[in-house]
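Have a look at the structure below before the remarks.
Here, each number is a calculation from the coordinates, and none is a lab measurement. All values derive from a computational prediction rather than experimental measurement. Please note: Cβ atoms are built from the backbone with ideal geometry, for glycine as well, and neighbour counts cover all protein chains shown.
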Amino acid sequence: MAKFIAGDNSDKLQQMREAVEKGFSQAGLDFNKATDSDLPQICKDTCAEVMRRFDELQDSTSNAAKEVIDDQ
């Protein structure tokens with residue numbers, strides 16, 4: 001979904017990444033407030049996987065931009 005929305009726009013991709021990070025952070029605060037404990041491991045694993053995929057998208061976007069510049 002992130003690739004569809006952001007396309008090759010690395011700024012939009014970064015904005016989406018920051019929004020997801022903020023969402024997970026807020027969820028962690030809310031969960032802690034409600035339960036007096038940290039998010040379950042599955043939530044932490046999900047966050048790590050989402051960030052890994054953002055890394056891949058950002059790398060591929062950067063590489064595509066570099067190829068365009070090199071071709072000119």
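For the chain, the number of Lys pairs separated by eight or more positions or lying on different chains, with C-alpha atoms closer than 18 Å, is 7. Values (i) 40, 37, 18; (ii) 57, 21, 16; (iii) 56, 17, 16 are given for comparison; Cα extents along the principal axes in Å, derived from the coordinates here, is the one labelled (iii). The angle separating the long axis of helix 41-71 from the principal Cα axis of greatest extent in the chain is about 10 degrees. The helix-only estimate of mean residue ellipticity at 222 nm for the chain, built from DSSP H runs of length n ≥ 4 each weighted as -39500 (n - 2.57), is -30000 deg cm²/dmol after division by the residue total.
Toward the positive end of the charge dipole of the chain, with +1 on the Cβ of Lys and Arg and -1 on the Cβ of Asp and Glu, the farthest Cα among 6, 62, 31 is that of 31. Let's see if you can work this out: charge +1 on each Lys and Arg Cβ, -1 on each Asp and Glu Cβ, no other charges. What is the dipole magnitude of the chain about its Cα centre, in debye to the nearest 20? Its charge dipole is roughly 260 debye. For residue 2 and residue 19, the difference between the fully extended length at 0.36 nm per residue and the C-alpha to C-alpha distance is 5.0 nm.
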